[in-house]
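The values are calculated or read from the model by the stated rules, or taken from the named source; none is laboratory data. Note that the coordinates shown come from a computational prediction; the quantities given were computed from them, not determined experimentally. Positions of Cβ are backbone-derived with ideal geometry, glycine not excepted, and every protein chain shown enters the neighbour counts.
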Ligand SMILES: *Cc1c(COP(=O)(O)O)cnc(C)c1O
């Protein structure tokens with residue numbers, strides 16, 4: 001999969017930013033590829049390459065029913081001429097939601113496993129059983145975070161992004177955050193906004209940095225207070241913010257990742273977290289495919305893209 005030469009960056013203007021003496025720009029990973037948007041492109045790229053190198057023509061991965069990772073994996077496998085298997089948490093319900101429908105249309109074979117079995121997804125016995133059933137596949141873990149994913153996410157920032165003092169990213173499994181961290185320039189600070197409830201993410205990130213021996217010229221900080229109740233949760237305050245953001249800047253956010261992060265950044269700007277003269281780069285990690293599934297699940301309308 002080829003990377004586009006440049007990823008568009010969009011500058012945001014607003015009276016609050018002027019008042020606080022801050023610049024805010026958005027790195028539009030949601031626009032990089034017509035089919036595989038956002039950070040998932042970077043996370044999958046080297047994994048699919050590796051799968052081919054190993055002579056494996058099937059990838060197998062795990063995800064929830066609305067997963068951006070499942071959606072992107074089905075698309076990437078198709079482009080690369082690989083078979084794909086998606087192990088989906090929960091039961092199959094008809095009609096399939098838009099995410100799974102799309103994945104299945106692209107040829108991904110979906111298998112549904114109950115929540116208890118799903119917990120074994122990384123265990124050797126379980127994976128051995130799967131290999132007996134499906135043959136020798138290339139395994140991509142849930143959420144797609146592994147060594148090669150982090151190699152890919154280190155390519156998100158380019159030289160021109162060194163002019164920013166703060167880089168902001170949402171966090172799920174942390175693979176994107178870890179890659180960004182390793183690619184910071186000196187004096188740059190990476191701010192992460194966890195979509196999941198809990199403090200475990202601090203350890204998770206420390207673990208990734210140690211395991212993959214990541215070095216950085218910059219520093220990082222993680223915020224765990226903008227999860228809005230947890231991963232698949234939302235609050236009307238967040239939905240209103242997503243609409244406000246769309247109406248003011250013409251940019252669509254998702255309620256799982258980028259909406260929470262943008263809310264957090266805006267809140268921090270209001271609270272004077274950022275010194276005067278700060279230049280903030282918000283990494284829009286995509287995920288907009290999930291918006292129609294979100295509306296199907298909750299009945300709440302979101303901006304379209
Ligand atoms: C998957 C995803 C994330 C989280 O990425 P991790 O590498 O798992 O932390 C963030 N934003 C969007 C839009 C995603 O789809």
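Each row is one residue, and each column tells you yes or no for (1) outside any loop (DSSP other than H, G, I, E, B); (2) within 16 Å of the ligand (Cβ to nearest atom); (3) within 19 Å of residue 296 (Cβ to Cβ).
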{"site": "27", "(1), (2), (3)": "yes, yes, no"}
{"site": "30", "(1), (2), (3)": "yes, yes, no"}
{"site": "42", "(1), (2), (3)": "yes, yes, no"}
{"site": "48", "(1), (2), (3)": "yes, no, no"}
{"site": "71", "(1), (2), (3)": "yes, yes, yes"}
{"site": "74", "(1), (2), (3)": "yes, yes, yes"}
{"site": "77", "(1), (2), (3)": "yes, no, no"}
{"site": "91", "(1), (2), (3)": "no, no, yes"}
{"site": "95", "(1), (2), (3)": "no, no, yes"}
Practice prompt. Considering only region 149-265, give the helices (runs of 4 or more DSSP H) lying wholly within it that have at least 1 residues that are exposed (fewer than 13 other Cβ atoms within 10 Å of the Cβ) and either within 15 Å of the ligand (Cβ to nearest atom) or at pLDDT 95 or above (or both).
Written response: 200-211, 236-249
Fill in: Test for residue 106: is it away from the ligand (no atom under 16 Å from the Cβ) and over 29 Å from residue 204 (Cβ atoms)
yes
Practice prompt. Confirm whether residue 245 is touching a residue at least 24 places away in the same chain (Cβ under 8 Å) and either over 21 Å from residue 189 (Cβ atoms) or outside the structural domain of residue 89 (by TED's automatic domain parsing) (or both).
Written response: no
Worksheet item: Only one of (1) crowded, with 17+ Cβ neighbours inside 10 Å; (2) closer than 24 Å to residue 52 by Cβ; (3) touching a strand residue (DSSP E or B) at 6+ places or on another chain (Cβ under 6 Å) fails for residue 80. Which number is that?
Response: (3)
Response to the item:
Filtering region 266-293 down to residues that are in a loop (DSSP other than H, G, I, E, B) and either over 20 Å from residue 177 (Cα atoms) or more than 15 Å from the ligand (Cβ to nearest atom) (or both) yields 271, 272, 273, 274, 275, 276, 277, 278, 289
